[in-house]
Amino acid sequence: MFEWIFSVESWIALATLTALEIVLGIDNIIFISILVGRLPEKERNLGRSVGLGLAMGTRLILLFSIVWVVGLTKPWFSILGQEISGRDLILIGGGLFLLAKATHEIHNSLEGKMEDEDKSASSSITLGSILFQIAILDIVFSLDSVITAVGLAKHISIMAIAVVISVGVMMFAAKAIGEFVENHPTIKILALSFLIMVGFTLVLEGFDVHIPKGYIYFSMAFSVSVEMLNLRLRKK
């Protein structure tokens, strides 16, 4: 099972896959950070840890159910000549959920609710409801991540190690990212806009319209760079 330890190629695959898993997990961190930000402050750290723990658990379960995951890429039925697989249904459903959730969050952020209304809304939000929403999106993000892992690595142990390391890195960075997003409203709106773009991309991928990930990540990096310059100028 661990014969790959003596293979340089396998170590390169592990390093590459770990880096890719971290990049693919950025969307997950942003989503979790925004949702957790609506919880009482004392529950936020727990929410982040459990949310990312669910992400790791989902990825590992899918990895060890590799035959089922591969089967999800086979067509289940056709609509107007378009073949739809189980993976497509999950991507479309997850993308629509992400579009709706991000739009709702932008609406709440921009409508300027009164402080009392915000407190009332926060009190009605429970840790369980937030974790349920995180779990739904974890399935979508994890499926894409696992299918990518299957395409890059030959050994399931390499995939599992890459998942554990990447989630560990995300856990380490999640609090800092969450607090930064919460303390800067413009960054929060930018992050939510990214989620809308990711949701739209997931829906397109569900219909076999593939957009190169490099374009998406470049646009995100460029937007963040511009906003970082804006924040620095405002401080001066």
Problem - Residue count, segment 17-65 (criterion: farther than 18 Å from Val169 by Cα and aromatic (Phe, Trp, Tyr)) - result: 1
Exercise for the section: Could you tell me which residue of segment 64-95 is modelled with the highest pLDDT, considering only residues that are surrounded by 14 or more Cβ atoms within 10 Å (Cβ to Cβ) and of a type in the set (D, E, K, R)? Expected result: Asp88
Problem - Matching residues, segment 185-215, being free of Cβ contacts under 8 Å to residues at least 24 places away in the same chain and of a type in the set (Val, Ile, Thr) - result: Val209, Ile211
Practice task
State the number of residues belonging to segment 181-208 that are modelled with pLDDT under 80 and either aromatic (Phe, Trp, Tyr) or within 20 Å of Arg44 (Cα to Cα) (or both).
Solution key: 10
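Yes/no per residue for (1) without any contact (Cβ under 8 Å) to a residue 24 or more places away in the chain; (2) over 22 Å from Ile136 (Cβ atoms):
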position: Ser7; (1), (2): yes, yes
position: Thr18; (1), (2): no, yes
position: Gly25; (1), (2): no, no
position: Phe31; (1), (2): no, no
position: Val36; (1), (2): no, no
position: Leu60; (1), (2): no, no
position: Pro75; (1), (2): yes, yes
position: Leu98; (1), (2): no, no
Practice task
Would you check if Ala162 is at pLDDT 80 or above and in a helix (DSSP H, G or I)?
Solution key: yes
Problem - Residue that is modelled with the lowest pLDDT [pool: residues in segment 99-131 that are aliphatic (A, V, I, L, M) and surrounded by 14 or more Cβ atoms within 10 Å (Cβ to Cβ)] - result: Ile125
Problem - Some residue of segment 208-220 being over 22 Å from Glu21 (Cβ atoms) and out of contact with any helix residue (DSSP H, G or I) (no Cβ under 7 Å at 6 or more places or on another chain) - result: yes
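Conditions tested, residue by residue: (1) over 30 Å from Val50 (Cβ atoms); (2) aromatic (Phe, Trp, Tyr); (3) without any contact (Cβ under 8 Å) to a residue 12 or more places away in the chain.
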{"residue": "Ile156", "(1), (2), (3)": "no, no, no"}
{"residue": "Gly168", "(1), (2), (3)": "no, no, yes"}
{"residue": "Ala173", "(1), (2), (3)": "no, no, no"}
{"residue": "Asn183", "(1), (2), (3)": "no, no, yes"}
{"residue": "Tyr217", "(1), (2), (3)": "no, yes, no"}
{"residue": "Ala221", "(1), (2), (3)": "no, no, yes"}
Problem - Residues that are in a helix (DSSP H, G or I) and over 15 Å from the mean Cα position of the chain (by Cα), drawn from segment 191-225 - result: Leu204, Glu205, Gly206, Gly214, Tyr215, Phe218, Ser219, Ala221, Phe222, Ser223, Val224, Ser225
Practice task
Take Ser157 and decide whether it is buried (at least 19 other Cβ atoms within 10 Å of the Cβ), more than 19 Å from Ala221 (Cβ to Cβ), out of contact with any Gly (no Cβ under 7 Å at 6 or more places or on another chain) and at pLDDT 70 or above.
Solution key: no
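The values are calculated or read from the model by the stated rules, or taken from the named source; none is laboratory data. Quantities reported herein were computed from a predicted structural model and do not represent experimental measurements. Neighbour counts are summed over all protein chains in view; Cβ atoms, including those assigned to glycine, are modelled from backbone coordinates with ideal geometry.
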